[in-house]
Amino acid sequence: MNLGTFIDTHKSHAISTQYCPVGDGRTSIICFYNFYERVFPDLNPDVDLHLVFLNNQGEEKAHITERIPGGGFVQLDASSYLDSNNGMVCIAAVPTCDIRELAPKGMSIKKILGTGFYIVWQNDNGYTDFMHEWMPINSIGSKNESYFVTIDKSKYIDRHELVLMNSCYSDTETRIAEPVIGIFNKKTTLFEFEAEPVAMMGVSVVDLHKNVPQLDQLLDKYEVLSVKVTSKYIFPPLTNEIHHSGDFHMHHID
Amino acid sequence: MLPKGMWKAWEPRVILPTFKGVDNIVDFSVQPSLNKAYQGIIYTLAYPLYNVFKKRSSIGIAFKHYQNILFRSKIVFRIILLSRSGEYIHQWNVPGKYSPGDYFRIDLQQLSAGSEYTIGDNLIIVVASRGRNDSWMSSPGSLSIKYVSRNSIAGLRTGLFSRPLNEGGKGHFGFTGVNPKIMFKKELEPSILLINHSSDPSYSRSVTPTIRLYRRPGEYIEKKLGEIPPNGARETRILQVFPEVSDYLAETNMTGCTIAQVKGATLSSYHLFRNKNDDVVAMDHSRPSHTNIIGK
């Protein structure tokens with residue numbers, strides 16, 4: 001089953017996404033708890049956890065389904081399913097029974113059910129970070145949106161990256177994001193560039209120091225800068241700050 | 001209890017831990033969402049009065065909100081410092097007023113330098129003077145807090161909110177915090193940090209959560225965590241509360257899941273990894289799972 005068919009088959013489920021890098025000493029571990037047990041302790045349904053792994057060009061590389069028993073949990077290493085890449089994982093947990101039919105009377109069940117999970121990013125040097133799921137796949141599309149984040153000068157942070165994920169899926173048109181990234185100090189534009197296009201359901205990691213050659217001098221001068229990301233099809237990006245020890249800190253902007 | 005009038009009911013805020021021995025750095029970028037009406041103009045204008053009608057808010061709060069919309073008021077921020085046992089220590093005003101595209105970054109050590117107050121294992125409450133036009137209990141953007149040392153970096157981003165929390169006579173039905181990321185790989189040690197706070201500064205209730213360590217559905221050990229005073233916090237290392245973890249999780253390759261619970265109150269919950277040097281190397285807030293299922 002491909003992603004388009006999966007979306008069509010499970011229209012009542014939002015398919016959560018998250019950045020899923022593997023290879024070059026990195027791995028991503030998806031951690032999921034069958035939370036339906038919290039809401040339906042008597043019913044305690046099993047879920048089918050559907051995972052679709054895509055590479056950074058938005059090409060589907062694996063589609064797996066794990067049956068998670070009621071109250072069960074799983075930790076899945078993405079390197080079993082993805083080759084070395086900066087890809088994306090899309091996840092939906094689908095109960096094996098009809099919870100709308102079986103739910104207690106008066107319980108208000110969402111029209112579109114969500115899937116929460118965590119991802120633990122690790123590298124071979126023992127450094128780690130983690131985050132909850134990020135935005136669900138959007139089939140409607142988007143207009144141009146802007147997001148702001150600050151970056152700062154620190155004696156311990158070597159590099160600043162942005163992780164741009166294009167999770168706007170369509171089976172009738174190709175939605176390629178063309179982000180424009182600006183560096184600002186208090187609303188004065190210091191530098192602006194067009195980042196590499198991001199394929200539909202793809203990921204682009206933008207090294208700000210590579211794209212803005214004078215970034216270190218700008219940080220020395222102003223200590224704190226604002227980065228503005230403007231694009232269609234890109235939802236609030238992740239930032240990645242790389243510490244000189246090899247540790248890193250990755251998180252969503254908004 | 002905190003001093004009376006620490007914040008107004010309409011002021012979005014967030015409570016976060018700080019840690020000793022690291023640079024605790026806070027920053028915020030005001031997103032364009034501050035003055036937008038993503039959910040439509042009619043919704044944006046009607047929602048404050050609707051909340052008055054539903055008795056979730058007051059005429060004064062609705063009036064304040066319309067004032068913000070009309071005058072596109074800029075945001076002013078404050079940082080309140082508490083001890084981990086919930087006592088008020090001091091507060092600072094963040095210099096400046098902020099509109100979309102503006103930002104601030106504050107090193108809390110530098111903020112407190114020159115004062116008699118030092119930042120160690122504490123709590124801070126960051127308060128904003130207003131929320132978004134179309135989601136007026138929420139901030140236009142996420143506050144970032146970073147913990148940076150010579151050896152490590154960790155942090156998280158989370159929004160500021162002004163919704164009622166642990167307030168009023170009824171009490172909350174309870175808190176459940178699930179952490180399926182329990183693992184002991186690469187010399188990492190998991191822990192959880194729980195904060196017992198309220199939208200009411202006069203909140204005075206202590207709580208004593210329990211925690212279960214699961215290795216499979218239905219197979220768990222349960223322990224009591226220590227008491228958490230009002231507006232206080234407690235970090236619990238999994239190895240400390242479950243010294244038998246090496247034996248207990250041996251058959252699941254040292255992986256497990258914890259569920260922390262308390263009745264009658266809700267808590268802020270953070271998950272951490274520390275390394276063998278005790279540095280905080282990863283951290284994030286936990287997520288309520290029922291919101292994936294219950295609601296509109």
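Here B:K186 passes the criteria (1) within 30 Å of A:F73 (Cα to Cα); (2) within 14 Å of another protein chain (Cβ to nearest Cβ); (3) in contact (Cβ under 8 Å) with a residue 24 or more places away in the chain except the one numbered (3). Within the set B:G101, B:G168, the sole residue that is without any contact (Cβ under 8 Å) to a residue 60 or more places away in the chain and outside any strand (DSSP E or B) turns out to be B:G168. Just checking, does region A:39-53 include any residue being open to solvent by 30 Å² or more (accessible area, probe 1.4 Å) and either among the small types (G, A, S) or within 23 Å of the chain's Cα centre (by Cα) (or both)? Within region A:39-53 (the criterion being open to solvent by 30 Å² or more (accessible area, probe 1.4 Å) and either among the small types (G, A, S) or within 23 Å of the chain's Cα centre (by Cα) (or both)), the answer is yes, since at least one residue qualifies.
Yes or no, residue by residue, for (1) within 14 Å of chain A (Cβ to nearest Cβ); (2) not polar (S, T, N, Q); (3) not in a loop (DSSP other than H, G, I, E, B):
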residue: B:L2; (1), (2), (3): no, yes, no
residue: B:A9; (1), (2), (3): no, yes, no
residue: B:L16; (1), (2), (3): yes, yes, yes
residue: B:D27; (1), (2), (3): yes, yes, yes
residue: B:S33; (1), (2), (3): yes, no, yes
residue: B:T44; (1), (2), (3): no, no, yes
residue: B:L49; (1), (2), (3): no, yes, yes
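Can you spot a residue in region B:198-217 that is open to solvent by less than 50 Å² (accessible area, probe 1.4 Å), in contact with a Cys (Cβ under 6 Å, 6 or more places away or on another chain) and of a type outside the set (A, V, I, L, M, F, W, C)? The answer is yes, given that some residue of region B:198-217 is open to solvent by less than 50 Å² (accessible area, probe 1.4 Å), in contact with a Cys (Cβ under 6 Å, 6 or more places away or on another chain) and of a type outside the set (A, V, I, L, M, F, W, C). Can you spot a residue in region B:152-164 that is among the hydrophobic types (A, V, I, L, M, F, W, C), surrounded by fewer than 19 Cβ atoms within 10 Å (Cβ to Cβ), within 15 Å of the chain's Cα centre (by Cα) and closer than 30 Å to B:Y50 by Cβ? So far as region B:152-164 goes, yes, one or more of its residues are among the hydrophobic types (A, V, I, L, M, F, W, C), surrounded by fewer than 19 Cβ atoms within 10 Å (Cβ to Cβ), within 15 Å of the chain's Cα centre (by Cα) and closer than 30 Å to B:Y50 by Cβ. Within region A:89-109, being at pLDDT 90 or above, open to solvent by less than 10 Å² (accessible area, probe 1.4 Å) and either facing chain B (nearest Cβ under 9 Å) or farther than 25 Å from A:K61 by Cα (or both) holds for one residue alone: A:A93.
Looking at A:Y33, is it within 10 Å of chain B (Cβ to nearest Cβ), of a type in the set (S, T, Y), open to solvent by less than 30 Å² (accessible area, probe 1.4 Å) and touching a Ser or Thr at 6+ places or on another chain (Cβ under 9 Å)? Answer is yes for this residue.
For beta carbons closer than 8 Å, sequence separation of 6+ or different chains, a first residue in region A:64-88 that is under 20 Å from B:G256 (Cβ atoms) and within 14 Å of another protein chain (Cβ to nearest Cβ) and a second that is open to solvent by 30 Å² or more (accessible area, probe 1.4 Å) and of a type in the set (S, T, N, Q), the qualifying pairs are A:R67/A:T96; A:G70/A:N44; A:G71/A:N44.
Got a sec? Which of B:T266, B:T252 is among the polar types (S, T, N, Q), more than 27 Å from B:R163 (Cα to Cα) and touching a residue at least 12 places away in the same chain (Cβ under 8 Å)? Answer to the check: B:T252. Here B:A233 meets the list (1) in contact with a strand residue (DSSP E or B) (Cβ under 6 Å, 6 or more places away or on another chain); (2) within 14 Å of chain A (Cβ to nearest Cβ); (3) hydrophobic (A, V, I, L, M, F, W, C) almost entirely, failing just condition (2). A:I157: over 21 Å from B:G141 (Cα atoms), out of contact with any strand residue (DSSP E or B) (no Cβ under 7 Å at 6 or more places or on another chain) and among the aliphatic types (A, V, I, L, M), yes or no? Here the answer is no, as A:I157 does not meet what is asked.
Within region B:91-108, the only residue that satisfies the criterion of being open to solvent by less than 50 Å² (accessible area, probe 1.4 Å) and either more than 14 Å from every other protein chain (Cβ to nearest Cβ) or closer than 17 Å to B:P201 by Cβ (or both) is B:W92.
As a summary of the residue check, B:G86 satisfies the conditions (1) on the phi < 0 side of the Ramachandran plot; (2) within 18 Å of the chain's Cα centre (by Cα) except for the one numbered (1). For beta carbons closer than 8 Å, sequence separation of 6+ or different chains, a first residue in region A:173-201 that is more than 14 Å from every other protein chain (Cβ to nearest Cβ) and assigned to a loop (DSSP other than H, G, I, E, B) and a second that is open to solvent by 50 Å² or more (accessible area, probe 1.4 Å) and basic (K, R), the qualifying pairs are A:R175/A:K232; A:E178/A:K232.
The set of residues from region B:249-274 being within 7 Å of chain A (Cβ to nearest Cβ) and open to solvent by 20 Å² or more (accessible area, probe 1.4 Å) comprises just one member, B:T255.
Looking only at residues in region A:204-254 that are within 8 Å of chain B (Cβ to nearest Cβ) and of a type in the set (G, A, S), which one is nearest to the chain's Cα centre (by Cα)? Checking each candidate, the answer is A:S226.
The values are calculated or read from the model by the stated rules, or taken from the named source; none is laboratory data. Everything numeric here is computed off the predicted structure, so don't read it as measured data. Note that each Cβ is placed from the backbone with ideal geometry, even for glycine, and that neighbours are counted across all protein chains shown. Heavy atoms of the whole protein, side chains included, go into the accessibility calculation; ligands, DNA and RNA do not. Shrake-Rupley method; radii C 1.70, N 1.55, O 1.52, S 1.80 Å.
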